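All of the numbers you see were taken from the coordinates with simple rules; none came from a lab. It should be emphasised that the depicted structure is a prediction, and the values quoted were computed from it without experimental measurement. Ideal geometry is used to build each Cβ from the backbone, glycine not excepted, and the neighbour counts take in all protein chains shown.
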Amino acid sequence: MYIDGDVLELDIEMDLEEVKTLQEFIKDRLGYIEEIVLLRSRDGIPSTSALFALLFWIKRTKPSLKIDFIDSMRLDLESYGMMNWITHE
């Protein structure tokens, strides 16, 4: 996790404890964050779905927030292929 101005950069390989820490970190700072970027290594594989759940909650709480993979509804997980999803408003 790294914050650069109003952009929060997150590692896709965060474990559950790191996601819990991120949740506490974001609570008071959500108003200042304008974009969230997922960083991953070549074989970057999510280690928990909790990160995605938190990011969807954040996007629902602040719809103006830019999160590319949620906005496009696709995420390329290299070794696993393309992850697509459908949302119901």
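For Thr48, what charge total do you get from the other residues with a beta carbon under 13 Å from its beta carbon, if Lys and Arg give +1 and Asp and Glu give -1?
-4
Could you work out how much longer the chain between Phe56 and Lys27 gets when fully extended? Use 0.36 nm per residue separation minus the Cα distance between them, nm to one decimal.
Computed gain between Phe56 and Lys27 is 9.0 nm.
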